[in-house]
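Q: The structure under discussion is supplied below as structure tokens; questions concerning it will follow.
The values are calculated or read from the model by the stated rules, or taken from the named source; none is laboratory data. Being a predicted model, the structure only gives us computed values, none of them experimental. All Cβ positions, glycine included, derive from the backbone under ideal geometry; neighbour counts span all protein chains shown. For accessibility, only protein heavy atoms count, side chains too; no ligands or nucleic acids. Shrake-Rupley method; radii C 1.70, N 1.55, O 1.52, S 1.80 Å.
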Amino acid sequence: MNRNLILACVGAAIAVAIAIVLVLQPGREQSGDLTRITFATDWKAQAEHGGFYQAIAKGYYEEAGLDVTILQGGPGVNVPQLLAAHTVEFGLGSNSFIPLNMAQAGAGAKAVMASFQKDPQVFITHPRPDVKSLADMKGKPIMVSDATVSAFWQWLKSKYGFEDSQIRKYTFNLAPFLTDETAIQQGYLSSEPYMIRQQGVEPQVFLLSDYGYPGYAAFILASDRIIAERPEVVQAFVDASIKGWVSYIHGDPSAANELIKRDNPEMTDEIIANAIRLMKEYGIVDSGETETLGVGAMTEERWRMFYDAMVEAGVYPDDLSVHSAYTLEFVNQGVGLDLKKELTGE
């Protein structure tokens with residue numbers, strides 16, 4: 001799971017080389033009557049990418065006139081850099097920091113859709129009576145990654161009074177947590193809690209979004225150039241992706257799951273089923289504003305709330321143009337609502 005919360009400054013040469021090869025393939029612009037698209041994800045294939053794989057499996061991209069290839073991410077893949085170099089048409093941005101960091105860096109790309117209405121970042125503890133909310137963690141040691149310290153940790157300091165003296169280094173190794181019943185650590189909703197349960201421990205899980213953290217997540221990112229020159233392609237990709245997510249969450253996800261397991265053999269049916277269950281249970285994809293605006297929704301109010309919170313926390317200057325990080329041109333049109341009604345009967 002990609003937990004890079006800030007724009008990386010070091011390129012991934014191998015990933016860029018692969019992407020350039022894809023771009024230079026003859027006939028990439030058109031494949032018959034279809035426009036060929038490469039979409040770079042932020043990590044290896046998983047249920048959190050399920051809507052995009054479902055759009056391929058169900059033919060939604062093809063119906064929209066697109067021939068889409070998903071380029072898997074990994075530890076060294078820098079999606080913003082691939083976009084800035086125009087070596088892919090679209091990329092997946094993990095969280096709300098990515099578009100804002102791109103805007104601050106003048107990277108020439110922005111968010112055009114938010115697949116996740118809630119960022120799946122969590123804190124995890126052992127069962128304990130003294131911690132029943134994020135506020136209860138104030139003053140207690142917490143294991144967080146270096147990237148987190150510069151990102152949502154600053155929000156926790158501003159909103160809940162956390163202090164840097166609480167920080168303990170998280171290296172994505174669960175052993176320190178499993179051996180210390182007083183430990184608190186960061187995690188991803190469908191990842192660390194699942195692995196901890198596999199070790200016989202039932203953790204307490206605190207989703208930051210349920211405590212006021214305002215960020216979206218799993219953005220579709222597009223370059224300013226393709227938005228300006230080929231808005232119809234952007235709209236087609238967004239609309240088909242929305243339908244893919246609606247079908248994946250509310251319909252039969254098995255077709256997409258087979259593609260996910262093909263691309264990432266480490267994925268099992270159990271891991272995928274757990275992630276889908278949690279995305280439904282916590283309303284990660286479809287909740288709140290999506291019920292009327294459609295999956296993928298973004299609003300000025302939510303973006304402003306996130307930006308203002310991060311300015312207050314000292315993450316961003318107060319003169320950054322937040323509107324350069326996103327556009328609402330391609331979302332909030334109710335796409336997929338009819339499909340959802342068809343699939344759920346509601």
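Q: What relative contact order, as a whole-number percentage, does segment 294-346 give when Cα pairs under 8 Å and 6 or more residues apart are counted? Please report the intermediate quantities before stating the final value.
A: Numbers: 26 pairs, mean separation 28.9, N = 53.
Reported as a whole number, the value is 55 percent.
Q: Note down the accessible area of Ser321, probe 1.4 Å, to the nearest 10 Å².
A: 60 Å²
Q: Can you tell me the dipole magnitude for segment 304-346 around its Cα centre, using point charges on the Cβ only (Lys, Arg +1; Asp, Glu -1), in Debye to the nearest 20? Before the final figure, lay out each step's value.
A: Details: 3 positive and 8 negative charges, 32 e Å.
In debye, rounded to 20, segment 304-346 gives about 160.
Q: Show me the trypsin sites (Lys or Arg not before Pro) within segment 236-320 that DSSP assigns to loop and that have at most 14 other Cβ atoms within 10 Å of their Cβ. Write out the running numbers ahead of the final one.
A: On the way: sites: Lys243, Lys261, Arg262, Arg277, Lys280, Arg302, Arg304; in loops: none.
Passing sites in segment 236-320 do not exist.
Q: Can you return the aspartates and glutamates within cross-link range of Lys140? Criterion is Cα-Cα under 18 Å, with same-chain partners fewer than 8 residues away left out.
A: Within reach: Asp130, Glu163, Asp164, Asp180, Glu181.
Q: Related question: Name the most mobile residue of Val246, Val322, Val112, meaning the one with the largest mean-square fluctuation, in a Gaussian network model of the chain with Cα contacts below 10 Å.
A: Maximum fluctuation in the GNM of the chain, among the listed residues, is at Val322.
Q: A further question follows. Counting other Cβ atoms within 10 Å, keep those with at most 13, restrict to DSSP loop, and tell me which GluC sites (Glu not before Pro) in segment 257-305 are left. Mind showing how you got there, number by number?
A: Details: sites: Glu258, Glu266, Glu270, Glu281, Glu289, Glu291, Glu300, Glu301; in loops: Glu266, Glu289.
Answer by residue number: Glu266.
Q: Restricting attention to segment 148-197, which chymotrypsin sites (Phe, Trp or Tyr not before Pro) occupy a DSSP loop and are surrounded by at most 14 other Cβ atoms within 10 Å?
A: On the way: sites: Phe152, Trp153, Trp155, Tyr160, Phe162, Tyr170, Phe172, Phe177, Tyr188, Tyr194; in loops: Phe162, Tyr170, Phe172.
Sites meeting the loop and neighbour criteria: Phe172.
Q: Please label the shape of segment 149-302 as rounded, prolate or oblate, based on the square roots a ≥ b ≥ c of the eigenvalues of the alpha-carbon gyration tensor (a/c under 1.5 means rounded; beyond that, a/b larger than b/c means prolate, else oblate). Write down the numbers at each step before the final one.
A: Details: a/c = 2.08, a/b = 1.36, b/c = 1.53.
Cα axes put segment 149-302 in the oblate bin.
Q: Could I ask something else about it? Which is farthest toward the positive dipole end of segment 122-261 among Leu208, Tyr194, Ser133, measuring Cα position about the Cα centre, with Cβ charges +1 (Lys, Arg) and -1 (Asp, Glu)?
A: Ser133
Q: Using θ = phi - 60° and the Karplus form 6.51 cos²θ - 1.76 cosθ + 1.60, what ³J(HN,Hα) does each residue of segment 82-99 get, whole Hz, x for Gly and Pro?
A: 4, 5, 4, 7, 6, 8, 9, 7, 9, x, 9, x, 4, 7, 5, 5, 4, x
Q: Dipole of the chain (Lys/Arg Cβ +1, Asp/Glu Cβ -1, origin at the Cα centre): which of Ile70, Ile271, Trp245 lies farthest to the positive side?
A: Toward the positive end, the furthest listed residue is Ile271.
Q: Oh, and also: As an exercise, use a Förster radius of 45 Å and the Cβ-Cβ distance of Lys341 and Val311 to find the FRET efficiency, rounded to the nearest 0.05. Don't jump to the answer; show the numbers that get you there.
A: Details: r = 40 Å, r/R0 = 0.88.
Plugging the Cβ-Cβ distance into 1/(1 + (r/R0)^6) gives 0.70.
Q: Relative to the Cα centre, what is the charge dipole magnitude of the chain, using +1 at the beta carbon of each Lys and Arg, -1 at the beta carbon of each Asp and Glu, and rounding to the nearest 20 debye? Kindly include the intermediate steps, with their values, before the conclusion.
A: On the way: 27 positive and 43 negative charges, 138 e Å.
My answer is approximately 660 debye.
Q: Right, something else. Residue farthest toward the positive end of the dipole of segment 269-346, with Cβ of Lys/Arg at +1 and Asp/Glu at -1: which of Gly334, Val322, Thr299?
A: Going by the charge dipole, the pick is Gly334.
Q: At 7 Å along Cα-to-Cβ for each site, give me the label-to-label distance between Glu163 and Arg230 in nm.
A: Output for this residue pair reads 5.4 nm.
Q: Which of the lysines could a cross-linker span from Lys261 if the Cα-Cα distance has to be under 24 Å and same-chain partners fewer than 8 positions apart are dropped?
A: Within the straight-line limit of under 24 Å, Lys261 reaches these lysines: Lys44, Lys58, Lys243, Lys280.
Q: What fraction of the DSSP beta bridges in the chain is antiparallel, stated in percent and rounded to the nearest 5?
A: Values: 22 of 35 bridges.
Restricted to the chain, the bridges split so that about 65 percent are antiparallel.
Q: Under the classification rounded if a/c is under 1.5, otherwise prolate if a/b is larger than b/c and oblate if not, where does segment 29-88 fall, given a ≥ b ≥ c as square roots of the Cα gyration tensor eigenvalues? Write down the numbers at each step before the final one.
A: Values: a/c = 3.26, a/b = 1.30, b/c = 2.50.
Oblate shape, in that a/c is at least 1.5 and b/c is the bigger or equal ratio.
Q: Starting from the Cα of Thr171, step 7 Å along the direction of its Cβ; do the same at Ser287; then give the gap between the two resulting points in nm.
A: Output for this residue pair reads 3.4 nm.
Q: Before rounding to the nearest 500, sum -39500 (n - 2.57) across all DSSP H runs of length at least 4 in the chain and divide by the residue total; then give [θ] at 222 nm in deg cm²/dmol.
A: Theoretical 222 nm ellipticity from helices: -11000 deg cm²/dmol.
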